[in-house]
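Trainee: My questions all concern the structure below.
Just so you know, all these numbers are worked out from the coordinates, no wet-lab data involved. This structure is a prediction, so every number in the text was calculated from the model and none was measured. Don't worry about glycine lacking a Cβ; one is built from the backbone with ideal geometry, like all the others, and counts go over all protein chains shown.
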């Protein structure tokens, strides 16, 4: 399976401070329906179309058909409880990253969605109170290493458990696969 470019839309690695606009989605966001239809993914795989950017063209279209055209690089998806509910398929986090989303900010996330997202270089932050502190279009700033999200529109600030250094290293590399590839290359292995 081809994972496509290391970072969508030309971004080399992940900065520790992210900024963008909030895209608020209420309710449960299932990996195989709301985030990116699994039947669509199977069709794309048969056509050999399975990169981050190709999947990003279909991100959240079952909830907002215009989302892939409206979202800007670095923007945030803001969700409620159990973000990434459903199966452990990783196409959903690939689609989110491929659409250019800088991070997912949610009340809570399904464990496998969280793990898959980190593996693909997409930060998913569980922040109690985020869905009520942020509305559609708010300007946000997220400090991954400090564990702080600032809503610049309303002047609010929320805290979250910052990622440990080893997770930041994975995110900095653009995901676990690019990180391992770089390590093997540095060791003279393929």
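Trainee: Take the Cβ-Cβ distance between residue 66 and residue 88 as r, set R0 to 22 Å, and report the resulting FRET efficiency rounded to the nearest 0.05. The partial results should precede the final answer.
Mentor: On the way: r = 28 Å, r/R0 = 1.29.
Taking R0 as 22 Å, the efficiency between residue 66 and residue 88 is 0.20.
Trainee: Explain nothing, just the number: relative contact order of segment 8-186, from Cα pairs under 8 Å at least 6 residues apart, as a whole percent. Please list the in-between numbers first.
Mentor: Numbers: 401 pairs, mean separation 45.1, N = 179.
25 percent.
Trainee: Quick check on the exposure proxy: order 35, 28 from fewest to most C-beta atoms within 10 angstrom.
Mentor: Values: 35 32, 28 16.
In increasing order of surrounding Cβ atoms, one gets 28, 35.
Trainee: Another one. What span do the alpha-carbon atoms of segment 91-163 cover on each of the three principal axes, reported in whole Å from largest to smallest?
Mentor: Ordered largest first, segment 91-163 gives principal extents of 34, 24, 20 Å.
Trainee: Ignoring everything except DSSP H segments at least 4 long, calculate the 222 nm mean residue ellipticity for the chain; use -39,500 (n - 2.57) per segment, divide by total residues, nearest 500.
Mentor: Values: 8 runs with 59 residues, N = 190.
Result for the chain: -8000 deg cm²/dmol, rounded to the nearest 500.
Trainee: Taking every DSSP beta bridge with both residues inside the chain, roughly what % is antiparallel (nearest 5)? Write out the running numbers ahead of the final one.
Mentor: Values: 13 of 26 bridges.
So the antiparallel bridges in the chain amount to around 50 percent.
Trainee: Then there is this: No solvent, one uniform scatterer per C-alpha: report log10 I(q)/I(0) for segment 8-186 via the Debye equation at q = 0.13, 0.15 1/Å, two decimals.
Mentor: Normalising to I(0) and taking log10 leaves -0.59, -0.79.
Trainee: Right, something else. Take the Cα atoms of segment 41-82, build their convex hull, and give its volume per residue in Å³.
Mentor: Working: hull volume 4.3 nm³, N = 42.
Considering the Cα atoms of segment 41-82, their hull volume per residue is 101 Å³.
Trainee: I've got another one for you. Compare the peptides 57-64, 162-169, 135-142 by average per-residue count of other Cβ atoms within 10 angstrom and give them in order, highest first. Let's see the in-between values first.
Mentor: Working: 57-64: 19.0, 162-169: 12.8, 135-142: 16.6.
Ranking, from highest mean packing down: 57-64, 135-142, 162-169.
Trainee: Still on this structure, I have one more. Output the peptides 125-131, 177-183 sorted from most to least packed, where packing is the average of other Cβ atoms within 10 Å over each peptide's residues.
Mentor: Numbers: 125-131: 18.1, 177-183: 15.0.
Result, highest mean Cβ count within 10 Å first: 125-131, 177-183.
Trainee: Starting from the 7 Å offset along Cα-to-Cβ, what nm value, one decimal, do you get for the label separation of residue 16 and residue 43?
Mentor: It works out to 4.4 nm between the two label points.
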